[in-house]
Amino acid sequence: IVGGGTMGGVMQKFLVASMFMWILPVAILYGFNNDLLPGKEEEGPSSTTLSPHSLTLLSGFLAVVSVNVVIVFYICLALKEPTDKHKPDASFVADAKDSVKKLTSGVPSTDPALKKQE
């Protein structure tokens with residue numbers, strides 16, 4: 001697992017959401033184009049047949065909506081993640097603070113705007 005248990009769970013959710021963002025729109029378009037989804041009903045006195053142009057617009061619209069639904073679902077899952085699980089590594093933070101101190105204290109400033117502030 002990459003980066004431990006927490007990172008693996010996040011990556012798994014991301015991969016599943018990514019797969020659905022590809023599969024759902026393609027399935028919707030395939031279903032409409034192959035008469036698997038309603039829209040083209042048999043001819044008759046009470047039929048509600050859509051024109052090919054309207055059917056194309058409807059299938060495209062539903063495909064786009066399906067991608068947005070998957071994105072919203074993924075965002076909701078991300079917001080429900082506990083925030084206390086994602087703490088930075090203490091040694092990384094300490095090393096970062098040390099490197100910032102070295103940069104700010106050891107090197108004289110050559111920027112005239114910074115010299116005016118001092």
Between the modelled labels at residue 15 and residue 78 (7 Å from Cα along Cα→Cβ) the distance in nm is 1.9 nm
What distance in nm separates the two pseudo spin-label positions at residue 54 and residue 95, each 7 Å out from Cα along the beta-carbon direction? 6.4 nm
Label point 7 Å out from residue 34 along Cα-to-Cβ: which residues of region 50-87 have amide N under 18 Å? 56, 59-60, 63
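Any read-out appearing in this document is the output of simple, stated calculations on the displayed coordinates, not a laboratory observation. Not measured: the values here are computed from a predicted model. Glycine gets a Cβ as well: all are built from the backbone with ideal geometry, and neighbour counts include every protein chain shown.
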